[in-house]
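Participant: The structure under discussion is supplied below as structure tokens; questions concerning it will follow.
Every number in this text was worked out from the coordinates using simple rules, so none of it is lab data. Nothing here was measured: the structure is a model prediction, and the numbers come from that model. Positions of Cβ are generated from backbone atoms using ideal geometry, with glycine treated the same way; all protein chains shown enter the neighbour counts.
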Amino acid sequence: MTVTQQTWPQAAPFWQNWHTQAHERLDRAFRQSPHLHFDDNSRLVFFSDMHRGIKDRYDFFAPNENLFLHALGHYYQQGYTYIELGDGDELWYNDFARIRHAYGRLFDLLNQFRAGHRLHLIVGNHDSERGMFDPMEKEGMPLHQGLVLHHVPSSRHLFAVHGHQAHPKGDRYWWFQRPHSRYFVKYTLPFSASRYHFSEPENDLQNRQYLANMPRRVGNRILRLAWQLEGAILSWAQQQRQAVICGHTHLCAFPEPHSENPPFINIGHCSTPGYITGLEIAGGQLALVKWKANETGAYQRTVLREMAVTAVWP
Ligand SMILES: [Mn+2]
């Protein structure tokens, strides 16, 4: 398979070890995930990686709040079920109570989805102040490791998971990593305000996304871990013959039409000011979408790429 060969030199024991451990964690997440059945009348929408903070200078979702509320409000009106695919909240930097207070309107909307049994929360690494497999909840609502989506008419499966399970070291050092982020990294990276802003994905994903506001070569060095991590998920998807929908790396991915590669979808993120990306499943179609303001300031939705659910395994 060409995709993983680019990112995973077979000879290096480190990579093999990483993939073995990543696959074990993905297996475990898969076993712990509840199942959700859907058909061609179902409407599902996924967003991830808002990293909601407390609207301070480290909260890059704040400028997107109205855009996100507009998009999610649209899906609420249209009868969609909302699946938050991890890293909704930035708990490495903040306490949940303060985030909840800063984003009252957004949590009200989430509670409206919840009241209609139309909300599912999937855990991301930043949703937890503890280890990744520790039980977690938000306002009494459990966070799941993932969600196994069954398309009833075609009996095809899609596995929705945040994707941090494929990180090489897992989160063995969470007790160090979380406080280290909160009390050190946050204040000592003068470039942090621009560091994780990503270039905007264009129609049909023609461009490769990069880290904006820094030289391309420097950004690519930082992104290398993201590409390698996706390589670990791809090889798991291939071995398990399991289509995957993930987030975590903030980089959009969607199979090309008639592609031989395993169906691997990354829904992108919502924490670069100016645009958000997500995934819709409706009418038996998967569509990677982008929302942003047009020249007149009106919020607009564009489909970046789409395919039929039945084309997931050709
Ligand atoms: Mn993440």
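Participant: Taking 0.36 nm per intervening residue step and subtracting the Cα-Cα distance, what contour gain separates Gln78 from Ser155 on full extension? Please report the intermediate quantities before stating the final value.
Facilitator: Working: separation 77, 0.36 × 77 = 27.72 nm, distance 2.53 nm.
Extra length from Gln78 to Ser155 when fully extended: 25.2 nm.
Participant: Would you compute, for the Cα atoms of the chain, the largest minus smallest coordinate along each principal axis and list the three values in descending order, in whole Å?
Facilitator: 45, 45, 41
Participant: Taking the Cβ of each residue in His151, His164 as the centre, tally the other Cβ atoms inside 10 Å and list the residues starting with the fewest.
Facilitator: His151, His164
Participant: How large is the helix-only mean residue ellipticity at 222 nm for the chain, computed as the sum of -39500 (n - 2.57) over DSSP H runs with n ≥ 4, divided by its residue count, in deg cm²/dmol to the nearest 500?
Facilitator: -9000 deg cm²/dmol
Participant: Let me ask something additional. In the chain, what percentage of the DSSP-assigned beta bridges are antiparallel, given to the nearest 5?
Facilitator: Around 60 percent of the beta bridges assigned by DSSP in the chain are antiparallel ones.
Participant: At 7 Å along the Cα-to-beta-carbon direction for both Gln177 and Arg31, put a label point, then send me their distance in nm to one decimal.
Facilitator: Placing both labels 7 Å beyond Cα along the Cβ direction yields 2.1 nm.
Participant: Would you give the gap between the C-alpha center of segment 13-37 and the C-alpha center of segment 236-277, rounded to a whole Å?
Facilitator: Using only Cα atoms, the two centres lie 16 Å from each other.
Participant: Give the order of Val218, Val309, Val161 when sorted by the count of other beta carbons within 10 angstrom, beginning with the fewest.
Facilitator: By the 10 Å Cβ count, ascending: Val218, Val309, Val161.
Participant: Can I ask one more? Sort out for me the Cα centre separation of segment 151-178 from segment 38-97, rounded to whole Å.
Facilitator: The distance from the Cα centre of segment 151-178 to that of segment 38-97 comes to 18 Å.
Participant: Here's something else I'd like to know. Could you derive backbone 3J(HN,Hα) for segment 208-224 from the dihedral phi with the Karplus parameters 6.51, -1.76 and 1.60 (θ = phi - 60°), listing whole Hz in sequence and x where the residue is Gly or Pro?
Facilitator: 8, 6, 9, 7, 6, 6, 8, x, 4, 5, 5, x, 5, 5, 5, 6, 4
Participant: Right, something else. First measure r as the distance between the Cβ atoms of Val218 and Val185, then evaluate 1/(1 + (r/R0)^6) with R0 = 30 Å and state the FRET efficiency to the nearest 0.05. The partial results should precede the final answer.
Facilitator: Numbers: r = 18 Å, r/R0 = 0.60.
Efficiency computed from Cβ-Cβ geometry: 0.95.
Participant: At 0.36 nm per residue, and after removing the present C-alpha to C-alpha distance, how many nm does the segment from Glu256 to Ala97 gain when stretched out fully?
Facilitator: Numbers: separation 159, 0.36 × 159 = 57.24 nm, distance 4.17 nm.
Residue separation times 0.36 nm, minus the Cα-Cα distance, leaves 53.1 nm.
Participant: Still on this structure: Suppose a student asked you for the relative contact order of the chain, using Cα pairs under 8 Å spaced at least 6 residues apart; what percent would you report?
Facilitator: Averaging sequence separation for qualifying contacts and normalising by length gives 24 percent for the chain.
Participant: Suppose R0 equals 25 Å; then what is the FRET efficiency for Asp108 and Arg301 from their Cβ-Cβ distance, rounded to the nearest 0.05? Intermediate results must be reported in sequence, preceding the final value.
Facilitator: Details: r = 22 Å, r/R0 = 0.89.
Efficiency, rounded to the nearest 0.05: 0.65.
Participant: Each residue of segment 43-51 in order: what ³J(HN,Hα) in whole Hz does its phi give by Karplus 6.51 cos²θ - 1.76 cosθ + 1.60, θ = phi - 60°, with x for Gly and Pro?
Facilitator: Couplings: 10, 10, 9, 10, 9, 8, 6, 6, 6 Hz.
Participant: Among Trp15, Trp175, Trp92, which comes first, second and so on when ranked by fewest other beta-carbon atoms within 10 Å?
Facilitator: In increasing order of surrounding Cβ atoms, one gets Trp175, Trp15, Trp92.
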